[in-house]
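Encoded as structure tokens, the structure appears first; notes follow it.
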Amino acid sequence: MRYVYLVLFFIAVLAVGALGFRGSISTRPPLEVFPDMDRQSKYLPQDASTFFADGRTDRPIPAGTVARGDLRADRELYTGMNRGGEFVTGFPAALTIDRQFFDRGRERFEIYCTPCHGQLADGRGIVTQYGWGGPANLHIDLIRNQSNGELFNTITNGKNTMFPLGDKINAEDRWAVIAYVRALQRSQNGRMQDVPASHQGELN
């Protein structure tokens, strides 16, 4: 029975020692049973360092370093602008404009553009049936007269109520969409003079 009292006494002492001073203020650091690497031997960002000659812990990025996936050597292809900062009028030389290119543009256009601009790019997409915005008619002179680079910039960064698609359509596919849009514009705004004289008689 004596041991029971001793055990109870030690339990009471431990309980008071652990809980009796909760909320009190002390200038001494708390007792740490498991420090959990709270005080590691490490440098914090922008700390000074005596190890490097320039006294900085942050090391400068080596010249010419490019983040993985961010190599953009072809300015026209990835920005739609030339080295002078002007929008290009044609297509980047790195692209091959063929039937496969147009087919890719049609596919991307139907996925990302037709909900707003419609199958014919006339601004009559399905969203207009629900009262959402007023998508642009891509056949108006204002847009037909824009350079290809300006259209590329609009697809990439958005404009007015159009949200940017640069994170959804890669650069090559954006140019393919532009090629398809140009084909649609040509088909919807064609004139008799555009048809060779030898074939004009075939038209109704």
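Values quoted throughout were computed directly from the atomic coordinates according to the rules given, and no laboratory measurement underlies them. Please read these numbers as outputs of a predicted model, since none were measured by experiment. Neighbour counts run over all protein chains shown; Cβ positions are idealised from the backbone, glycine included.
Based on the alpha-carbon gyration tensor of the range 106-191 and its eigenvalue square roots a ≥ b ≥ c, which shape applies: rounded if a/c is under 1.5, prolate if not and a/b is larger than b/c, or oblate? The shape class here is rounded.
Which value, in debye to the nearest 20, describes the size of the charge dipole of the range 112-204 about its Cα centre when Lys and Arg Cβ atoms bear +1, Asp and Glu Cβ atoms bear -1, and nothing else is charged? Mind dumping the intermediate values first?
Values: 8 positive and 8 negative charges, 26 e Å.
It comes to approximately 120 debye.
Around the Cα centre of the chain, unit charges on the Cβ atoms of Lys, Arg, Asp and Glu (plus for the first two, minus for the last two) sum to a dipole of about 600 debye.
For Gly90, the shell of other residues with beta-carbons less than 12 Å away shows a net charge of 0, using +1 for Lys and Arg and -1 for Asp and Glu. Couplings 3J(HN,Hα) of the range 112-117, computed from phi: 9, 10, 4, x, 9, 8 Hz, in residue order, whole Hz [Karplus 6.51 cos²θ - 1.76 cosθ + 1.60, θ = phi - 60°; x for Gly and Pro]. Each of Arg104, Arg83 has some number of other Cβ atoms within 10 Å of its Cβ, and from fewest to most they run Arg83, Arg104. Ranking of Asp58, Asp173, Asp38 by neighbouring Cβ atoms within 10 Å, starting from the fewest: Asp38, Asp58, Asp173.
Using the rule -39500 (n - 2.57) for each DSSP H run of four or more residues, divided by the residues of the chain, the 222 nm mean residue ellipticity is -10500 deg cm²/dmol. Dipole of the chain computed with +1 at Lys/Arg Cβ and -1 at Asp/Glu Cβ about the Cα centre; of Gly134, Ser198, Gln46, farthest Cα towards the positive end is Gln46.
The residues Phe91, Phe102, Phe10, when put in order of fewest to most other Cβ atoms within 10 Å, stand as Phe10, Phe102, Phe91. Here the label points at Asp194 and Ser41, each 7 Å from Cα along the C-beta direction, are separated by 7.5 nm in the simple model. Each label point was placed 7 Å from the Cα along the Cα-to-Cβ direction; for Asp74 and Leu6 their separation is 8.7 nm. For the range 132-179, rounded, prolate or oblate, judged on the Cα gyration tensor with a ≥ b ≥ c (square roots of eigenvalues), a/c < 1.5 rounded, else prolate if a/b > b/c? Oblate shape, in that a/c is at least 1.5 and b/c is the bigger or equal ratio. For the chain, the equivalent ellipsoid built from the Cα gyration tensor has semi-axes of 70, 27, 15 Å, listed from largest to smallest. Summarising the label geometry, the points placed 7 Å from Cα in the beta-carbon direction at Phe51 and Ala15 lie 5.1 nm from one another.
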